Amino acid sequence: VAAYTGRTEATERERLEPNLTVVFVHGIRPANPVNREILRAWRETAPDNRLLVWLWYLNPMYDARLGNYHCFPGFFAHGVGDAFKAYSQHDVRGAFLEGLGQDVEVYVTCKLMDDPGRDMAALLDDYFTGLYGAAAEPMKAFYRKVERIYSDPSNTPTGVNQQAVAWDYQGTAERMAELGALM
């Protein structure tokens, strides 16, 4: 179909039967514009079909367990927020989570499943205040710093061993000292 070939329109013959559901597997972190294009193409290809997402929240822990190393934390709440805006625009009607990621990501995912228009800053304030009380601001600062590092594509080069990505690009000695100071 058009979503796989890169074309933007499907012929009448390529259209799916309306009783079929399309499930799009989406790894949210770091935000990948190709994923948004595939989602858009599926919606155009199958305008009358139910569209669901299979959210892949397993990494970086999955790779680390398979590779027997400690990973740099993979925080991506703002990527979740951006993804749910796109899901809402393309009338995605449900989600399956494979792997739950970290607590923050699960919290915002569940809240956004109820209402994809929720304000991300308010959700994070609610999470950190509710869980950490007086320590909410330093914990949120720690989270945001890790998230910025993890979500920056320049810190995740392709073709590099994942353990090297974790500690040579993401969790550098300088960054770990800054994060240690926040703790």
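Based on what the data block shows, is Lys85 surrounded by fewer than 20 Cβ atoms within 10 Å (Cβ to Cβ) and either closer than 13 Å to Ile28 by Cβ or modelled with pLDDT under 90 (or both)? So Lys85 passes the test. For the stretch 31-67, how many residues meet the condition of being farther than 20 Å from Ile149 by Cβ, out of contact with any helix residue (DSSP H, G or I) (no Cβ under 9 Å at 6 or more places or on another chain) and in a loop (DSSP other than H, G, I, E, B)? Summing the residues that are farther than 20 Å from Ile149 by Cβ, out of contact with any helix residue (DSSP H, G or I) (no Cβ under 9 Å at 6 or more places or on another chain) and in a loop (DSSP other than H, G, I, E, B) in the stretch 31-67 gives 2.
Within the stretch 13-41, residues that are at positive phi have Cβ atoms under 8 Å from residues that are open to solvent by 80 Å² or more (accessible area, probe 1.4 Å) and modelled with pLDDT of 80 or more in no pair, counting only partners at least 6 apart in sequence or on another chain. Can you pull out every residue in the stretch 69-103 that is part of a helix (DSSP H, G or I) and over 15 Å from Ser151 (Cα atoms)? Selection gives Phe84, Lys85, Ala86, Tyr87, Ser88, Gln89, Asp103. In the stretch 148-161, the qualifying residues are those that are open to solvent by 40 Å² or more (accessible area, probe 1.4 Å) and not in a loop (DSSP other than H, G, I, E, B), and the one that is nearest to Met176 (Cα to Cα) is Arg148.
Among the numbered criteria (1) under 27 Å from Asp125 (Cβ atoms); (2) more than 13 Å from the chain's Cα centre (by Cα); (3) assigned to a loop (DSSP other than H, G, I, E, B), which single criterion is violated by Ile28? It is condition (2) that Ile28 fails. Every condition in (1) surrounded by fewer than 18 Cβ atoms within 10 Å (Cβ to Cβ); (2) touching a helix residue (DSSP H, G or I) at 6+ places or on another chain (Cβ under 6 Å) is met by Val80 except one, and the failing one is (1).
Inside the stretch 163-183, residues that are surrounded by 12 or more Cβ atoms within 10 Å (Cβ to Cβ) and within 17 Å of Glu147 (Cα to Cα) make up a count of 13.
If you go through the stretch 162-181 and keep only what is in contact (Cβ under 8 Å) with a residue 40 or more places away in the chain and part of a loop (DSSP other than H, G, I, E, B), you end up with just Gly171. Summed over the stretch 116-147, the residues that are open to solvent by less than 70 Å² (accessible area, probe 1.4 Å) and either under 21 Å from Arg93 (Cα atoms) or not in a helix (DSSP H, G or I) (or both) give a count of 3.
The values are calculated or read from the model by the stated rules, or taken from the named source; none is laboratory data. Just so you know, these numbers come straight off a predicted model, no measurement behind them. Reconstructed Cβ throughout: ideal geometry from the backbone, glycine too, with neighbour counts over all protein chains shown. We work out accessible area using only protein heavy atoms, side chains counted, and drop any ligands, DNA or RNA first. Shrake-Rupley method; radii C 1.70, N 1.55, O 1.52, S 1.80 Å.
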